[in-house]
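> This is the structure, below, for whatever I ask next.
The values are calculated or read from the model by the stated rules, or taken from the named source; none is laboratory data. Remember, it's a predicted structure, so these values are computed and weren't measured experimentally. Heads up, the Cβs are rebuilt from the backbone with ideal geometry, glycines too, and the neighbour counts pull from every protein chain shown.
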Amino acid sequence: METIARIRELLEAAFGLEIVIADEQSVLQPALTVAKEALPQVCLFLRDHQETYFDFLSCISAVDDGVTAGTFTVVYHLASIPYNQQLTLKVIVQNDRQLDNLPVIPTVSEVWRTAEWHEREAFDLVGIYFEGHRDLRRILLPDDWEGYPLRKDYKEAEAYHGIAIK
């Protein structure tokens, strides 16, 4: 396994220089931010390439970057069990925060089956829509829940079906 610089080099050779939007190397968990349109292809490449072999997706986290930022970030924590290495991938998506216009990111559930649950959780709590997901529906909250509780502009409901929430 190589450094994050080598991983960036491999991705740019395979997908072009525009594939990596940013990199964070001087942090505890080095990360690469990649173009969202190519996310499934990048993940498949990282899983199958002999120098990387990221065979395990341990977590997907959705982050609300704030009302004024107008973006959401989805963070993918990858691990290569044979190489004992980790990589953090990020995808940033612009969004107007309207509940009828969710931020859209392609699913990676065809690359790692564990993504199915993680993507449902990110959908349920933050409102990220994972295009191509086989069963994208709420997983923790009731199907008729309104809004996404981990968004920074979420307004807590006072009652649910006539039952006080506080």
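> List, please: which pairs have Cβ atoms under 7 Å, are six or more places apart or on different chains, and start with a residue in segment 125-141 that is farther than 19 Å from ARG97 by Cβ and at pLDDT 95 or above and end with one that is of a type in the set (Ser, Thr, Tyr) and in a loop (DSSP other than H, G, I, E, B)?
Listed by first residue and then by second, the contacts come to GLY132/THR107; HIS133/THR107; HIS133/SER109; ARG134/SER109.
> Suppose the filter is under 21 Å from VAL42 (Cα atoms) and either in contact with a helix residue (DSSP H, G or I) (Cβ under 6 Å, 6 or more places away or on another chain) or loosely packed, with under 10 Cβ neighbours inside 10 Å (or both); does HIS133 pass it? Break it down stepwise before answering.
Details: under 21 Å from VAL42 (Cα atoms): yes; either in contact with a helix residue (DSSP H, G or I) (Cβ under 6 Å, 6 or more places away or on another chain) or loosely packed, with under 10 Cβ neighbours inside 10 Å (or both): yes.
The answer is yes for HIS133.
> Tally time: how many residues in segment 64-80 are without any contact (Cβ under 8 Å) to a residue 60 or more places away in the chain and either buried (at least 16 other Cβ atoms within 10 Å of the Cβ) or under 16 Å from VAL111 (Cα atoms) (or both)? Walk me through it before giving the result.
From segment 64-80, those without any contact (Cβ under 8 Å) to a residue 60 or more places away in the chain are 65, 68-79; that's our starting set.
Now restrict to residues that are either buried (at least 16 other Cβ atoms within 10 Å of the Cβ) or under 16 Å from VAL111 (Cα atoms) (or both): 72-79.
Here the count works out to 8.
> Scanning for something farther than 24 Å from ILE7 by Cα, within 13 Å of the chain's Cα centre (by Cα) and modelled with pLDDT of 95 or more, does segment 42-61 turn up at least one residue? It would help to see each step written out before you state the result.
First pass over segment 42-61, keeping only residues farther than 24 Å from ILE7 by Cα: none.
Checking segment 42-61: not a single residue is farther than 24 Å from ILE7 by Cα, within 13 Å of the chain's Cα centre (by Cα) and modelled with pLDDT of 95 or more.
> Just to be sure before I move on: is ILE139 part of a strand (DSSP E or B) and either hydroxyl-bearing (Ser, Thr, Tyr) or farther than 21 Å from ASP48 by Cβ (or both) in the structure I sent? Don't jump to the end; show me each part of the working.
Numbers: part of a strand (DSSP E or B): no; either hydroxyl-bearing (Ser, Thr, Tyr) or farther than 21 Å from ASP48 by Cβ (or both): yes.
Considered against the rule, which asks whether it is part of a strand (DSSP E or B) and either hydroxyl-bearing (Ser, Thr, Tyr) or farther than 21 Å from ASP48 by Cβ (or both), ILE139 comes out as no.
> Hey, another quick one. Condition first: among the β-branched types (Val, Ile, Thr), more than 20 Å from GLN94 (Cβ to Cβ) and in a helix (DSSP H, G or I). Now tell me which residues in segment 1-52 satisfy that. Break it down into steps so the answer makes sense when it comes.
Quick first cut of segment 1-52, residues among the β-branched types (Val, Ile, Thr) only: 3-4, 7, 19-21, 27, 33-34, 42, 52.
Among the residues that remain, those that are also more than 20 Å from GLN94 (Cβ to Cβ) are: 3-4, 7, 27, 52.
Scanning segment 1-52 gives ILE4, ILE7.
> If we scan segment 143-164, do we find a residue that is closer than 29 Å to THR52 by Cα, loosely packed, with under 15 Cβ neighbours inside 10 Å and either out of contact with any Asp or Glu (no Cβ under 7 Å at 6 or more places or on another chain) or among the small types (Gly, Ala, Ser) (or both)? Even if it seems obvious, please write down each step before you answer.
Pass one, segment 143-164, residues closer than 29 Å to THR52 by Cα: none.
Within segment 143-164 (the criterion being closer than 29 Å to THR52 by Cα, loosely packed, with under 15 Cβ neighbours inside 10 Å and either out of contact with any Asp or Glu (no Cβ under 7 Å at 6 or more places or on another chain) or among the small types (Gly, Ala, Ser) (or both)), the answer is no, since none of the residues qualifies.
> Conditions first: (1) within 30 Å of GLU51 (Cα to Cα); (2) in contact with a helix residue (DSSP H, G or I) (Cβ under 8 Å, 6 or more places away or on another chain); (3) crowded, with 19+ Cβ neighbours inside 10 Å. VAL93 passes all but one, so which condition is the exception?
Checking VAL93 against (1) within 30 Å of GLU51 (Cα to Cα); (2) in contact with a helix residue (DSSP H, G or I) (Cβ under 8 Å, 6 or more places away or on another chain); (3) crowded, with 19+ Cβ neighbours inside 10 Å, the one that fails is (3).
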